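The values are calculated or read from the model by the stated rules, or taken from the named source; none is laboratory data. Predicted model, so just to flag it, every value in this text is computed and none were measured. When we count neighbours, we look across all protein chains shown, and the Cβ atoms used for this are built from the backbone with ideal geometry, even at glycine. Accessible surface is based on the protein model in full, side chains and every heavy atom, while ligands, DNA and RNA are left aside. Shrake-Rupley method; radii C 1.70, N 1.55, O 1.52, S 1.80 Å.
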Amino acid sequence: MSRFFATGSDSESEESSSADEITPKAPGTTFKQSLLLSDDEEDTKRVVRSAKDKRFEELTNLIKTIRNAMKIRDMAKCLEEFEQLCRAFLKSKNIVDKEGVPSFYIRLLADLEEYLNQLWEDKEGKKKMNKNNAKALSTLRQKIRKYNRDYEAEIAAYKENPQESADEEEEKEPGESGSSSESEGDEGEGLSATSFLKKKPEAVPEASKFLKSAKGSGDESSSSDEDDEDWGSDTVDSGSESSDDDGAGRGASLAVVFLKKAQENEKTSEKRTTKKKKLKKKERLEEEAEEEGGEETEGGWEKVKGGVPLVKEKPKMFAKGTEINVAVVVKKLNEILQARGKKGTDRAAQIELLHALAAIAAENNLGQGILVKIKFNIIASLYDYNPNLAAFMKPDMWKKCLDCINELLDILFENNNIFIGENIAEDSENLGISDQPFRVRGCVLTLVERMDEEFTKIMQNTDPHSQEYVDNLKDEGRVCGIIDRLLTYLENKGSTEEICRVYLRRIMHTYYKFDYKAHRRSLGLQGETKSEQDQEESEGEDSAVIMDRLCKFIYAKDRTDRIRTCAILCHIYHHALHSRWYQARDLMLMSHLQDNIQHADPPVQILYNRTMVQLGICAFRQGMIKDAHNALLDIQSSGRAKELLGQGLLMRNMQERNAEQEKIEKRRQVPFHMHINLELLECVYLVSAMLLEIPYMAAHEFDARRRMISKQFHHQLRVGERQPLLGPPESMREHVVAASKAMKMGDWRTCHSFIINEKMNSKVWDLFPETQRVREMLVRKIQEESLRTYLFTYSSVYDSISMATLSEMFELEIHTVHSIISKMIINEELMASLDQPTQTVVMHRTEPTSLQNMALQLAEKLGSLVENNERVFDLKQGVYGGYFNRDQKGGYQQKQSYQRDQKGGYQQKQGGYQRGGYRNQNQGNY
């Protein structure tokens, strides 16, 4: 206990355990030395703080760290410090229960929650975060929301009436603690009394009264709360000194207090000035808000920011009186172009300057040569407006670009004496009006190719389900018109290589479009077109003729493999789209593209995949089920059809690629209007697999070596079998699985109802151009394959069956049934014979029963087991390969098996188990 309490005071009877805590001493002092009191203790400063001060200081330090981490968006640090803050707040629970939750703590909770919500809503910012910060953000957001439920009332009260910022409060606290520590340095024993007197302000010593009165007489005008607080701290110190000396050294202590007060007066004056500034700023903001409200009501005033005039004068291109000629304009053009690409260059202003320069050149009739050169640079500046390759052009820039290219082509068509080429050097350009033709350095084809790429980027970055996409797609007509005009221009003045390049651009805008006019003409529906415009369009050239002419020119003249490859693939795609199956198939086989397509670049590979898919769908429409399955097998078996066709990225592969690779992949995506329907593609593949796989499964039901034709189809069957509750099919896959089960039982009507119904029509079959023909083909295929499956499954039950009965069951013509059964007998799939007079199928009953099949499988497995045992035994004996050299006396020979002979027994034969059969119809049952 300190001497303050030993000498006794007015508040001696009241004790506070939390106010007497002494901080740890300097190292080297012992417990005994701390009890010895001497006059030398006045020279060493001892810091005595209450438990409240200690706990609150710990909390404020943690809050500072959290706020610093918030400034630099270090979420991991925020999470770590917040957990420490929660633990520290839990330790100070006793103090909080007495004093209440501190305001700075509530402020932090409210600010932190608001800050985290802002970060969470910022999608772009979240993408740029590293993995640890993103994880810490979600964890911290959940914790703060859960934690703030206990302080909802305090946070709501704070948000209604926000207090001073945390920085001001942090400035106040060190100021007060500094003044108290200075006063405590004079008398070490007065420190515990200081904290005691702060809690009980009614016990005020005479010295404090004197100081207050002196202050009141000296400066009556300033009586703020801050002054009272400052003087209160001084009264504490003076009270402690007066209690020690009992009035003897009161003068000296007062002098010390007044000396300290000079420093504190400076601090209080600073606080006053900052407070006055804040009040003035607040009043000024309120006045501005009132003025704005008044301006809105009057409606006759406009607010000018910084006094800058709203109307900007156009920059003067040339000084007054300058003679404008070609050399001056070229010099000015080079000056404008020198700023191109530099940091801080205003690209929009540069485009305006070039437009102004073009207008000046046109006004002064400087000739078309200089105008063409300026137009080239305007279009290049429009392309450079977005420095990022992934960014697409804004709509206004895109319209300007199309207009400029059209204007350039107009000039080129009107003036035949303008020669343009990339190989023309700038020194040899002829831009002035003279007898010689104009020579301008540049390439129109490159500008048009870049325009086409920009159009593709615009379509890639537009929401395909919005009206904006439709509006942008309408610009394709203008793009194709520009390409056609350039094609006409280059056919007269361009090189062969340039013609091939522009032909490919035209092909790329044609190959994926179905020509409905040609389709109607082929069906003889030309008379149905009503308007004259439709009739004129229908009389135009078919897309097939255009594609044939352009592609054949490229086949003959092109020297680069890439352009020729793309042209071949587009030609095959167009043939397949219009159901020209044999032309498409022959062109694909003759080109041998499948041999080396893996060495092509990714866009060409995507085009190849799209072509193969379209080829498979075309084969399906023509009834070539096996060809359709083979064409679609590679794409569908991979499970990445969406990615292989360039129609989107798979989420499961997102972790395998970084941000840069993802951007490259997105640039390769095909625009939405060129997509192939993935559900239609999968349905065609599964139906083709069903028509091939179900009869094969029925024919090889007990064959141990049976192979799978389609793994994906078997996977769908297994998924359907694993379902605990089988309801009516809903999705397209469930319809195909249900149809497969019906076909397996030979029930073609149920299979037909599952494959062709209203739901499947709307999802798949109505998307084909010739819908009715495809449905009829499907019904026919289902009937034929169901007949084959029925014969494979139930042939062992019948001795003979009438073809008329089969024709009636499957609603097929008798000659069709006859041809199917004859083909099965010839291929040795069905062991039977046809009795021509009675029109019946006589079964030979050579198929083994299920028990015999199981016995054969058991014998085969035992044989392989013995062979493996012999091989292992030979290896242990050290005779490698002895098994293969054994003779018949030594045991089993390789590939020995059993086959039934014609007498009903079994004979040994090399090669495995094979089904035997009677060739003689007279030999009957066994």
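Can you report the number of residues in the range 783-807 which are of a type in the set (A, V, I, L, M) and either closer than 24 Å to Ile756 by Cβ or touching a residue at least 60 places away in the same chain (Cβ under 8 Å) (or both)?
Count: 3.
Give the number of residues within the range 694-713 that are without any contact (Cβ under 8 Å) to a residue 40 or more places away in the chain and either within 22 Å of Arg610 (Cα to Cα) or assigned to a helix (DSSP H, G or I) (or both).
Of the residues in the range 694-713, 2 are without any contact (Cβ under 8 Å) to a residue 40 or more places away in the chain and either within 22 Å of Arg610 (Cα to Cα) or assigned to a helix (DSSP H, G or I) (or both).
Residues are listed down the side, and each one gets a yes or a no for (1) in contact (Cβ under 8 Å) with a residue 24 or more places away in the chain; (2) surrounded by fewer than 11 Cβ atoms within 10 Å (Cβ to Cβ):
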position	(1), (2)
Asp122	no, no
Lys126	no, no
Lys131	no, yes
Ile155	yes, no
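With the condition kept exactly as written, say whether any residue in the range 725-737 is out of contact with any Lys or Arg (no Cβ under 8 Å at 6 or more places or on another chain) and open to solvent by less than 20 Å² (accessible area, probe 1.4 Å).
yes
I need the full set of residues from the range 750-759 which are more than 15 Å from Arg788 (Cα to Cα), without any contact (Cβ under 8 Å) to a residue 40 or more places away in the chain and either in contact with a helix residue (DSSP H, G or I) (Cβ under 8 Å, 6 or more places away or on another chain) or not hydroxyl-bearing (Ser, Thr, Tyr) (or both), in order please.
Residues satisfying the conditions are Thr750, His752, Phe754, Ile756, Asn757, Glu758, Lys759.
With the requirement that a residue be modelled with pLDDT of 65 or more and either of a type in the set (S, T, N, Q) or assigned by the TED database to the domain that holds Leu806 (or both), what does the range 848-896 give you?
Result: Thr849, Ser850, Gln852, Asn853, Gln857, Ser864, Asn868, Asn869, Gln877.
In contact with a Phe, Trp or Tyr (Cβ under 8 Å, 6 or more places away or on another chain), closer than 30 Å to Pro603 by Cβ and surrounded by 13 or more Cβ atoms within 10 Å (Cβ to Cβ): is that true of Val670 in this structure?
no
Does Glu182 fit the bill of being open to solvent by 60 Å² or more (accessible area, probe 1.4 Å), at pLDDT below 50, more than 29 Å from Leu90 (Cβ to Cβ) and not in a loop (DSSP other than H, G, I, E, B)?
yes
Keeping to the range 330-367, report how many residues are open to solvent by 50 Å² or more (accessible area, probe 1.4 Å), without any contact (Cβ under 8 Å) to a residue 24 or more places away in the chain and within 19 Å of Met393 (Cα to Cα).
3
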